[in-house]
1. Among the lysines, select those whose C-alpha is under 23 Å from the C-alpha of residue 345, and discard any that sit fewer than 8 residues away in the same chain.
2. Could you give the semi-axes, largest first, of the ellipsoid that matches segment 431-525, computed as the square roots of 5 times the alpha carbon gyration tensor eigenvalues and rounded to whole Å?
3. Could you please state, rounded to a whole Å, how far the C-alpha centre of segment 130-208 is from the C-alpha centre of segment 221-289?
4. How large, in percent, is the carbon and sulfur part of the accessible surface of segment 28-125 at a probe radius of 1.4 Å?
5. Taking the radius of gyration and the Kirkwood hydrodynamic radius from Cα positions alone, what is the Rg/Rh ratio for segment 253-302, to two decimal places?
6. Determine one quarter of the surface area of the Cα convex hull of segment 106-240, which equals its mean projected area, and express it in nm² to one decimal.
7. Just the accessible area per residue of the chain, please: how many Å² with a 1.4 Å probe?
8. Note down the nm distance, to one decimal, between modelled labels 7 Å out along Cα→Cβ at residue 428 and at residue 33.
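The values are calculated or read from the model by the stated rules, or taken from the named source; none is laboratory data. It should be emphasised that the depicted structure is a prediction, and the values quoted were computed from it without experimental measurement. Cβ placement follows ideal geometry from the backbone for every residue including glycine, while neighbour counts extend to all protein chains displayed. Ligands, DNA and RNA are stripped out before the accessible areas are found, and what is left, the full protein with its side chains, is counted by its heavy atoms. Shrake-Rupley method; radii C 1.70, N 1.55, O 1.52, S 1.80 Å.
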Amino acid sequence: MMIILCNIYLKFNYMILANVVDNKYIKIVSCNNDEYEQLSYSFRKRIKNWRFSPLVKKKIWDGYISFFNKKNELNIGLWNELLNVCKNFNYEIKIDGLDDFLRCDLSYDDFEKWVNEFFSDHPKFGINSDYKIRDYQIRAAYNVIKYKLSLTEIATGGGKTLIYFIVFAYLKSHGIINKMLIVVPNVSLIIQMHENFISYNNKKLQIKDAMIYADTEKEIKDANVVIGTFQSLTKQKASWFNDIDCICIDEAHYTNCTSIKSIISKCNNAKIKFGMSGTLERNEDCAEYLTLQAYIGPFVDRISADFLINNNYISDVFIKVIHLKYKDVDINKSFYELRKRKSDKLDGAKILSIEKQFIRDHRDRFLYICNMIEKTTKNTLVLFNDVKYKYGREIYDYLRNNINNRKIFYIDGSVGVKLRNYYFKTMENNNNVIVVASIGTLGEGVSINNIYNIFLVEGFKSDKIIRQSIGRGVRLKEGKEKLIFIDFIDDLSYGGHKNYLLKQGLERINIYQNENFNFKIYDVD
């Protein structure tokens, strides 16, 4: 089969020719053999952490995903990546039909003028108000409409929901769409988005929204804005999505989930598809980077936390990295010996798990962290990862038993939404609250302005989780100068050989550097 394909491609050796097929794919019609090989290689990537995949361990799969299908087609969302590959290798390429995915007749000046006029009498953003629609929010909305398929990375506190509304309002008022679908990860975000859309609209447009989540009515016939969780939307038949003109994926880093890919694929008639998140995958060498674009579109904008801080849109951040150096040579040597004799039965993941259990059981570490939390003033959020071994619960119990003058709450997955919201509201309205919470429960949809300190008491290296965790405390509040973020790095190294938790800690430091956060490392024996 490869020989036949290559012979066909050799017929056109002066330019790569491609066509847009059904507004879904880019089909490579002709190219020479070298071009074909390079394109195939460039659009074949391994998933992140592929070595830990059970299928890879069993030698059933090599961890690679090819983004070309058997018809030599790429998803249309990869059009910019295709152009970039061709540019990097000096290939000429012509893609017939690609112009349809660029709304070239819309100028930024005209769009900005429309936005300002629409909000001119708004009580919060109007001419006589102290607040204004921010320039980057207008630009982000403009790029969504211009490119039709797009991804935007926007840090927590950047105002994604307002951007979504601007997109909807423009498209609806100009008759470009009738119905917009917004896919969110949890019910809390549905309620927030519903309330925000009503507030932003200021009775300008006829808005009828439908909120889709567990145990709700699934009829959307008369709605022009549909907001739903991906858990509920994925259960709907393909025909349910027939009249969706525009789909927005909130927290778009979840796009690699099978359920969201299924929802996007069912929106066959959507003219515009876009996604936004503060934690999009930016590693060009992994499959997830291309998957995001394949299903939604190319990266068109990035609004970083650094930009928002420098422009006083969110609170400044100072990170204290507490470098905990364990001095028991015998213990450190034992971990080193474990890493040396690593095998299929005792792989890196299992050794990391042993390290984590060791630090959870380390009484001096536990007391040191609890004493630091106890000494904080104003509201403090303590984030932990382990629920199974009750590490967060132990910290909570200690604080409850040793602190008398502060409100202390505990949250994990077993705590109901109403009770969580009560805790968050209490924190928002008071200054002496400590919330000990699992990272999984403090993700998207949690917005508390009144957080001054965040403790990260367990180590990992996820870029997404780190940025989300910091994002929980960056919202502005009068009198709040900065967020203090405390990160603990566990150093069990021996003879210059680093342990896994230390390596993860160094990865987190790289994240802080890449995001231009201010940080200082404190060595503690």
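1. The reachable lysines, counting only those whose Cα sits under 23 Å from residue 345, are 48, 57, 58, 59, 333, 356, 388, 498, 503.
2. Three semi-axes, in Å: 26, 14, 13.
3. Each part's Cα centre sits 15 Å from the other's.
4. Answer for segment 28-125: carbon and sulfur cover 48 percent of the accessible area.
5. With Rh from the inverse mean 1/r over Cα pairs, Rg/Rh is 0.94.
6. The Cα convex hull of segment 106-240, projected and averaged over all directions, gives 8.8 nm².
7. 48
8. Computed distance between label sites residue 428 and residue 33 equals 6.6 nm.
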